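**Q** Shown below is the structure under consideration.
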Amino acid sequence: MTEVSSDVFGKLPDGRPVERFTLRSRGVTLRVLSLGGIVSSLETGDRHGNMADIVLGFDNLQGYINKHPYFGAVVGRVANRIAEGKFSIDGKEYQLPINNGPNSIHGGLKGFDKVLWTPEVLSNGVRFSMTSADGEEGYPGELKVWVTYILDGAILAINYKAQTTKTTPINLTNHSYFNLAGNGFPNIYDHEVSIEAKSYLPVDMTSIPTVKTYYFYRVYHQPSGRLLQIETTQPGVQFYTANFLDGSLKGKGGAMYPKHSAFCLETQNWPDAVNKMNFPDALLRPGEEYDHTTWFKFSVL
């Protein structure tokens with residue numbers, strides 16, 4: 001049985017309210033915002049039953065309005081990097097904003113992480129929807145998107161659906177930063193990561209992939225006993241160890257977030273897939289539906 005409730009987390013500068021939805025089941029409490037579909041907290045128990053918030057973030061809305069590294073957010077229209085911000089569809093070249101070295105990353109200057117989504121409360125979760133206009137951030141087609149968070153016992157499922165009016169690249173993910181010791185612990189050096197992979201994905205100096213890869217994964221924190229297992233319908237995952245956090249952000253409870261204070265497991269298509277014909281198809285076409293789900297299973301050992 002999952003309890004779902006909501007409150008107002010704050011207001012945007014234009015006065016629009018940002019709602020916070022709390023999903024509570026036995027042993028897991030999730031809070032997610034209508035701004036960016038942001039997972040603002042995720043509480044689970046250790047082997048002694050002590051609860052802790054295991055994702056990074058902020059105590060107030062202003063932290064999420066200010067520039068931050070996508071804490072907990074839905075990332076799109078295309079997560080990760082597109083080389084030089086360029087791609088071609090049916091002979092037409094498209095140019096995206098360049099916002100990461102020579103490349104475009106995470107949807108451009110105003111990606112889905114900065115959108116105020118429309119919520120719909122479900123019996124055991126919440127569904128967010130939004131529409132990205134044709135040409136927004138350089139992408140073709142009007143894109144309708146739905147992201148649904150379902151909490152069933154100790155399993156959180158995030159489902160992504162989308163439909164388009166023109167052929168467009170799409171690659172949606174969630175960008176939560178985890179620390180299984182709890183928010184505020186200074187590093188993740190005592191975490192054990194297991195990725196059952198047929199191969200891994202080398203990248204060049206600007207983090208653009210050069211070959212293909214496959215993944216399945218889990219993370220274990222022995223001191224607390226917390227185990228996070230992830231399954232997905234996506235072909236890959238970006239494992240990121242918060243290399244670019246530098247201690248300058250003050251997060252929840254006044255915690256400072258230094259380098260390697262968290263990890264991300266961003267389930268997604270392979271980066272720059274729209275420009276690599278041997279990668280999984282990154283294009284969504286009119287009449288088709290983009291439909292992917294990622295499951296996060298929380299347990300203790």
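**Q** Scan region 6-28 for residues that are touching a residue at least 24 places away in the same chain (Cβ under 8 Å) and either β-branched (Val, Ile, Thr) or in contact with a Pro (Cβ under 7 Å, 6 or more places away or on another chain) (or both) and jot them down.
**A** Once the filter is applied, which keeps residues that are touching a residue at least 24 places away in the same chain (Cβ under 8 Å) and either β-branched (Val, Ile, Thr) or in contact with a Pro (Cβ under 7 Å, 6 or more places away or on another chain) (or both), region 6-28 yields 11, 18, 19, 21, 28.
**Q** Name the pairs: first residue in region 124-136 and modelled with pLDDT of 95 or more, second residue hydroxyl-bearing (Ser, Thr, Tyr) and in a loop (DSSP other than H, G, I, E, B), Cβ to Cβ under 6 Å, at least 6 apart or on different chains?
**A** 124/2
**Q** Continuing with the same structure: Read through the list (1) within 28 Å of residue 120 (Cα to Cα); (2) touching a residue at least 24 places away in the same chain (Cβ under 8 Å); (3) not β-branched (Val, Ile, Thr), then give the number of the only condition that residue 67 fails.
**A** (2)
**Q** Looking at (1) touching a residue at least 40 places away in the same chain (Cβ under 8 Å); (2) part of a strand (DSSP E or B); (3) under 20 Å from the mean Cα position of the chain (by Cα), find the lone condition where residue 94 falls short.
**A** Every condition holds for residue 94 apart from (3).
**Q** Step by step: first the residues of region 50-67, then only those that are assigned to a loop (DSSP other than H, G, I, E, B) and at pLDDT 95 or above, then the one that is nearest to residue 151 (Cα to Cα). Which residue is that?
**A** The initial filter retains those residues of region 50-67 that are assigned to a loop (DSSP other than H, G, I, E, B), namely 50, 54, 56-60, 66-67.
Now narrow it down to the ones that are at pLDDT 95 or above: 50, 54, 56-60, 66.
Values: 50: 20, 54: 16, 56: 19, 57: 20, 58: 22, 59: 22, 60: 24, 66: 29 Å.
Going through the qualifying residues, I end up with 54.
**Q** Still on this structure: I want to confirm something. Restricting to region 100-123 and keeping residues that are crowded, with 17+ Cβ neighbours inside 10 Å and assigned to a loop (DSSP other than H, G, I, E, B), which single residue is nearest to the chain's Cα centre (by Cα)?
**A** Here is the first cut: in region 100-123, the ones crowded, with 17+ Cβ neighbours inside 10 Å are 103-108, 111-113, 115-117, 119.
Pick out the ones that are also assigned to a loop (DSSP other than H, G, I, E, B) and you get 106-108, 111, 115, 117.
On the way: 106: 10, 107: 12, 108: 15, 111: 12, 115: 14, 117: 15 Å.
So the residue we want is 106.
**Q** Now, a different point. Assess whether residue 58 counts as being crowded, with 17+ Cβ neighbours inside 10 Å, in contact (Cβ under 8 Å) with a residue 12 or more places away in the chain, touching a strand residue (DSSP E or B) at 6+ places or on another chain (Cβ under 8 Å) and over 18 Å from residue 157 (Cα atoms). Write out each step before concluding.
**A** Values: crowded, with 17+ Cβ neighbours inside 10 Å: yes; in contact (Cβ under 8 Å) with a residue 12 or more places away in the chain: yes; touching a strand residue (DSSP E or B) at 6+ places or on another chain (Cβ under 8 Å): yes; over 18 Å from residue 157 (Cα atoms): yes.
Yes, satisfied.
**Q** Let me ask you something else. Would you check if residue 164 is polar (S, T, N, Q) and within 19 Å of the chain's Cα centre (by Cα)?
**A** Values: polar (S, T, N, Q): yes; within 19 Å of the chain's Cα centre (by Cα): no.
No: the conditions fail for residue 164.
**Q** Something else now. With the checklist (1) surrounded by fewer than 17 Cβ atoms within 10 Å (Cβ to Cβ); (2) hydroxyl-bearing (Ser, Thr, Tyr); (3) in contact with a helix residue (DSSP H, G or I) (Cβ under 6 Å, 6 or more places away or on another chain) in hand, flag the one item residue 131 doesn't pass.
**A** For residue 131, the exception is condition (3).
**Q** Now a separate question. Which one of these does residue 31 not meet: (1) of a type outside the set (Phe, Trp, Tyr); (2) farther than 19 Å from residue 158 by Cα; (3) without any contact (Cβ under 8 Å) to a residue 12 or more places away in the chain; (4) in a strand (DSSP E or B)?
**A** Among (1) of a type outside the set (Phe, Trp, Tyr); (2) farther than 19 Å from residue 158 by Cα; (3) without any contact (Cβ under 8 Å) to a residue 12 or more places away in the chain; (4) in a strand (DSSP E or B), the lone unmet condition for residue 31 is (2).
**Q** Out of all the residues in region 241-289, which are part of a loop (DSSP other than H, G, I, E, B), among the hydrophobic types (A, V, I, L, M, F, W, C) and over 17 Å from the mean Cα position of the chain (by Cα)? Step through it out loud before you land on a result.
**A** Of region 241-289, the ones part of a loop (DSSP other than H, G, I, E, B) are 241-249, 251, 255, 257-262, 269-272, 276-282, 285-289.
Filter once more, so that each one left must be among the hydrophobic types (A, V, I, L, M, F, W, C): 242, 244-245, 249, 255, 262, 270, 277, 279, 282.
Across region 241-289, the qualifying residues are 249, 255, 277, 279, 282.
**Q** If you check 45, 27, 108, which single one turns out to be more than 25 Å from residue 225 (Cα to Cα), in contact with a Gly (Cβ under 8 Å, 6 or more places away or on another chain) and not β-branched (Val, Ile, Thr)?
**A** Details: 45 fails: more than 25 Å from residue 225 (Cα to Cα); 27 fails: more than 25 Å from residue 225 (Cα to Cα).
After ruling out the rest, the residue left standing is 108.
**Q** Can you pull out every residue in region 223-266 that is touching a Lys or Arg at 6+ places or on another chain (Cβ under 8 Å), surrounded by fewer than 19 Cβ atoms within 10 Å (Cβ to Cβ) and closer than 30 Å to residue 282 by Cβ?
**A** Selection gives 229, 230, 231, 243, 244.
**Q** The conditions are (1) surrounded by fewer than 22 Cβ atoms within 10 Å (Cβ to Cβ); (2) more than 19 Å from residue 268 (Cα to Cα), and residue 144 fails exactly one of them. Which is it?
**A** The single condition residue 144 does not satisfy is (2).
The values are calculated or read from the model by the stated rules, or taken from the named source; none is laboratory data. The shown structure was predicted, so the numbers you read here are calculated from the model rather than taken from an experiment. Here Cβ is always computed from backbone atoms with ideal geometry, including for glycine, and neighbour counts include all displayed protein chains.
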